Amino acid sequence: LASEFIDSNVEARWKMSQRTGEWLSHQLDDLRVKMERSEENLQNYARRANLTFTDEKNNVSEQKLGQLQTVLSGAQSERISAQARYEMIKSSRPDALSSMVADSSLPELEAKLGELRRTEAELLLTFTPKHEKVIRIRAQIPALAAEIDRQRAIVMDHAQKEYESAQLKEKLLATEYDRQTQVVSGQSEGSIEYGILKREVD
């Protein structure tokens, strides 16, 4: 009787396990179908809402907005720097330009002009204005002064163009940043719905 009872008990447990396995297998099939449907809904919604994610959390549009913000900040700094330089050059005395421009021949030309004027003054202490040496020195001064004026105009023009270029760059980036902000704002509601569907898939 004990042996029969044990055998009967084992068989009952085995049948119960078999039924549980069949039930779980059926449940898994149902879950697999639900998961596939949820994943399909998620992908379809992402396509309809134009949402693209580089990973589970990062929206491409938001990443682009962040990058634009960084580039725009750099452009604003460049524009401020170029504007300050331009305003300083524009408001300074012409003879002070050479100290502000490192890559110009102005300092050398101004030094040469100063030397010619000193030589002229020294010669006039000894000679009359009509003397050959005085005339020769004086003949060099106007050409050199004209070249200095030309170089100053080049420096001013370069500073102005640099400022205008930085200003245009900032303006274009600001326009693109505003446009991308609108894109991200439009996608915010879509991202919420996407998150709900994503949690369902998870």
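Whenever a residue of the stretch 124-152 is without any contact (Cβ under 8 Å) to a residue 24 or more places away in the chain and open to solvent by 90 Å² or more (accessible area, probe 1.4 Å), its partners that are part of a helix (DSSP H, G or I) and charged (D, E, K, R), lying with C-beta atoms within less than 8 angstrom and at least six residues away or across chains, give the pairs R138/E120. Condition check: open to solvent by less than 60 Å² (accessible area, probe 1.4 Å) and modelled with pLDDT of 75 or more. Does L97 satisfy that? No: the conditions fail for L97.
The values are calculated or read from the model by the stated rules, or taken from the named source; none is laboratory data. Given the structure is predicted, the values throughout are model-derived calculations rather than measurements. Reconstructed Cβ throughout: ideal geometry from the backbone, glycine too, with neighbour counts over all protein chains shown. Surface areas here come from the heavy atoms of the whole protein model, side chains and all, with no ligands, DNA or RNA. Shrake-Rupley method; radii C 1.70, N 1.55, O 1.52, S 1.80 Å.
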